[in-house]
Amino acid sequence: MSIVISVENKFIEFFNEEPLLVRSPGRVNLIGEHTDYNNGFVLPAAIDKAIFFAMSPRKDEKCIVHAFDMNDDFEFEISHLKFSEKEWPNYLMGVVDQLNKEGYEIKGFNCVFGGDIQ
């Protein structure tokens, strides 16, 4: 079974609803590693590996996330972001934090994610 189908099925099992599916392709930098965010030249290329997110909105501030590859869950609230000892949730909370700082109104969400990037 493909990873996207596995992620989607886990979401439906976990949340009992249909998700929005999003694919984020992996990439390699042919030149310019660590220069793109320092105003240098970079030549990235998408590869055939990806991370898939199955998501749905919530009406509250709660976010429930499940890391498919690790079979691990985490919950947090948009207005009470705190560092997690688990480490992997900090990446997701970091994105939410940056969106908040840019003035976007973020609501809670349900999410299952996994991929085939090694």
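Quick one: work out the % antiparallel among DSSP beta bridges in the chain, nearest 5.
80
Counting Lys and Arg as +1 and Asp and Glu as -1, each charge on the Cβ, what is the dipole of the chain about the Cα centre in debye, to the nearest 20?
Value, rounded to 20: 200 debye.
How many Lys pairs in the chain lie less than 19 angstrom apart by Cα atoms, where the lysines are 8 or more positions apart or on different chains?
7
With unit charges on the beta carbon (Lys/Arg positive, Asp/Glu negative), name the residue among Val65, Tyr104, Ile3 whose Cα is farthest towards the positive pole of the charge dipole of the chain.
Tyr104
If each of Lys62 and Gln98 carries a label point 7 Å out from its Cα toward its Cβ, how far apart are those two points in nm?
Distance between the two pseudo-spin positions: 2.8 nm.
Treating the angle as unsigned and between 0 and 90°, give the value, to the nearest 10°, between the Cα long axis of helix 3-15 and the longest Cα principal axis of the chain.
30
What is the ratio of the Cα radius of gyration of the range 1-74 to 2.2 N^0.38 Å, with N the residue count, to two decimals?
After normalising by residue count via 2.2 N^0.38 Å, the value is 1.44.
Need one number: the % of Cα-Cα pairs in the range 60-117 sitting beyond the 19 Å mark.
Summing the P(r) of the range 60-117 above 19 Å gives 26 percent of all pairs.
Where in the range 78-118 is the amide nitrogen less than 13 Å from a point lying 7 Å along the Cα-to-Cβ axis of Tyr37?
Label zone hits: 91, 94-95, 98.
Taking 0.36 nm per residue of separation and subtracting the Cα-Cα distance, what length does fully extending Ser6 through Val28 add?
5.4 nm
None of the figures in this text is laboratory data; all of them are computed from the coordinates on show. What you see is a predicted model; the values in this text were computed from it and never measured. Here the Cβ is made from the backbone with ideal geometry for all residues, glycine too, and neighbour counts use every protein chain on show.
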